[in-house]
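S.K.: One structure is given below, represented as structure tokens, and several questions about it will come after.
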Amino acid sequence: MITAISEIARFESIFSNLGTNFNATLPISLKVLKEVDLNRFILQMGKREVETKSLIPLKEGEIYWGEFKTSKGVVQISNLLQKPSFEKKKEIFSENLFFDLKDLEEIFSDSKASLKFKENILNKMSISSNREDFAQLGNMLLAFENGVFFIPLKIEDRRYFFQFKNKQKKDKVKKEFTTFFYASFENLGPVRGVIEVGENYRRLRLYTYFEKSADFLKKEMKNLDMQSEIFVSKNIEALFNLENRLLDIKG
């Protein structure tokens, strides 16, 4: 399993540099503050508040990814995508909830990595004094019970959400496996992919919601030591959907 993590970490370095490489051609994150008139909204974009028109009904208090351009002083928003519920609470989660790459290396290099990951969640739940943290840890435990590792990840000062699950070929040696993953990023939007690792090959297929994100990553992926392809898809969902789930902890 640590091999899968190390392969994912290879292109994780691409995302960790987004803070310095960000430009206006990439998607942005925005929050709907208020509807002021029919199809007109006040949005928060970083530290700025702007008023703009949207033909798509937006929900006050919700956060979205989207693309924008300015024409004659007017901000135009397009290609909006509502973020998953866990993204909405990202900033109110405590530092204790998030893993860094060193944490993951320690956990997944263990011969009993799955058990160690579950114990880590349960330990954090036992000492958590933050209601939102506890609920998120519960969702992570529920995801784990459904075969998905749901990991709040922090690299430098940026927070991401990362999910993956492994599938090993039953009739093959242990060196061959497939890892499915999902990640959400401020300036890329949702990303989903598949890594296939065998004795003589490593392949990566990546899917992004935004075409501009695909164009950006296509250039960066040339530095990866594996065969890689990237596609644009309007059907990118988390591996484990936390919407409308109830935590059921059985003794």
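The values are calculated or read from the model by the stated rules, or taken from the named source; none is laboratory data. It should be emphasised that the depicted structure is a prediction, and the values quoted were computed from it without experimental measurement. Neighbour counts are summed over all protein chains in view; Cβ atoms, including those assigned to glycine, are modelled from backbone coordinates with ideal geometry.
S.K.: Among the residues of the stretch 222-240, what is the count of those that are in a loop (DSSP other than H, G, I, E, B) and either of a type in the set (Lys, Arg) or out of contact with any Pro (no Cβ under 7 Å at 6 or more places or on another chain) (or both)? Break it down stepwise before answering.
M.R.: Going residue by residue through the stretch 222-240, those that are in a loop (DSSP other than H, G, I, E, B) are 224-226, 233-240.
Now drop any that are not either of a type in the set (Lys, Arg) or out of contact with any Pro (no Cβ under 7 Å at 6 or more places or on another chain) (or both), which leaves 224-226, 233-235, 237, 239-240.
So the answer is 9.
S.K.: Just to be sure, is Ile77 free of Cβ contacts under 8 Å to residues at least 40 places away in the same chain and not polar (S, T, N, Q)?
M.R.: Working: free of Cβ contacts under 8 Å to residues at least 40 places away in the same chain: no; not polar (S, T, N, Q): yes.
Here the answer is no, as Ile77 does not meet what is asked.
S.K.: Another question, then. Any chance the stretch 89-103 includes a residue that's under 24 Å from Glu186 (Cβ atoms), touching a Lys or Arg at 6+ places or on another chain (Cβ under 6 Å), surrounded by 14 or more Cβ atoms within 10 Å (Cβ to Cβ) and aliphatic (A, V, I, L, M)?
M.R.: So the first thing to find is which residues in the stretch 89-103 are under 24 Å from Glu186 (Cβ atoms), and the list is 89-103.
Right, trim to touching a Lys or Arg at 6+ places or on another chain (Cβ under 6 Å) and you get 90, 98, 100.
Add one more test, that the residue is surrounded by 14 or more Cβ atoms within 10 Å (Cβ to Cβ), and what stays is 90, 98.
Checking the rest, the ones that are also aliphatic (A, V, I, L, M) come to none.
No: the stretch 89-103 contains no residue that is under 24 Å from Glu186 (Cβ atoms), touching a Lys or Arg at 6+ places or on another chain (Cβ under 6 Å), surrounded by 14 or more Cβ atoms within 10 Å (Cβ to Cβ) and aliphatic (A, V, I, L, M).
S.K.: Something else: Check the stretch 135-154 and report whether any residue there is surrounded by fewer than 18 Cβ atoms within 10 Å (Cβ to Cβ), in the same structural domain as Glu186 (by TED's automatic domain parsing) and modelled with pLDDT under 90.
M.R.: yes
S.K.: Considering only residues that are among the β-branched types (Val, Ile, Thr) and modelled with pLDDT under 90, which ones fall in the stretch 63-108? I'd like the intermediate steps shown before the answer.
M.R.: As a first pass, look at the stretch 63-108 and keep what is among the β-branched types (Val, Ile, Thr): 63, 70, 74-75, 77, 92, 107.
Selection gives Thr70, Val74, Val75, Ile77, Ile92, Ile107.
S.K.: Name the residues in the stretch 188-240 that are of a type outside the set (A, V, I, L, M, F, W, C) and under 16 Å from Phe177 (Cα atoms), would you? Let's see the steps before the verdict.
M.R.: Start the filter on the stretch 188-240 by keeping residues that are of a type outside the set (A, V, I, L, M, F, W, C), which leaves 189-190, 192-193, 196, 198-203, 205, 207-209, 211-213, 215, 218-220, 222-223, 225, 227-229, 233-235, 237.
Residues satisfying the conditions are Gly193, Glu196, Gly198, Glu199, Asn200, Tyr201, Arg202, Arg203, Arg205, Gln227.
S.K.: What residue, among those in the stretch 166-184 that are over 17 Å from Arg202 (Cα atoms) and at pLDDT 70 or above, is farthest from the chain's Cα centre (by Cα)? Please lay out each step first, then the result.
M.R.: The initial filter retains those residues of the stretch 166-184 that are over 17 Å from Arg202 (Cα atoms), namely 170-171, 182-184.
Filter again for at pLDDT 70 or above, leaving 182-184.
Values: Tyr182: 6, Ala183: 2, Ser184: 2 Å.
Looking at the filtered set, the residue picked out is Tyr182.
S.K.: Take Ser129 and tell me if it is farther than 30 Å from Leu55 by Cα, modelled with pLDDT under 90 and not in a helix (DSSP H, G or I). Even if it seems obvious, please write down each step before you answer.
M.R.: Numbers: farther than 30 Å from Leu55 by Cα: yes; modelled with pLDDT under 90: yes; not in a helix (DSSP H, G or I): yes.
For Ser129, the condition - farther than 30 Å from Leu55 by Cα, modelled with pLDDT under 90 and not in a helix (DSSP H, G or I) - is met.
S.K.: Take the residues of the stretch 65-88 that are of a type in the set (D, E, K, R) and in a helix (DSSP H, G or I): which is nearest to Ser184 (Cα to Cα)?
M.R.: Filtering the stretch 65-88 down to residues of a type in the set (D, E, K, R) leaves 67, 69, 72, 83, 87-88.
So of that shortlist, the ones also in a helix (DSSP H, G or I) come out as 87-88.
On the way: Glu87: 8, Lys88: 12 Å.
Within the stretch 65-88, the match that is nearest to Ser184 (Cα to Cα) is Glu87.
S.K.: Asn200 - would you say it is in a loop (DSSP other than H, G, I, E, B), modelled with pLDDT under 90 and not assigned by TED's automatic domain parsing to the domain that holds Leu122? Give the derivation first.
M.R.: Values: in a loop (DSSP other than H, G, I, E, B): yes; modelled with pLDDT under 90: yes; not assigned by TED's automatic domain parsing to the domain that holds Leu122: no.
Answer is no for this residue.
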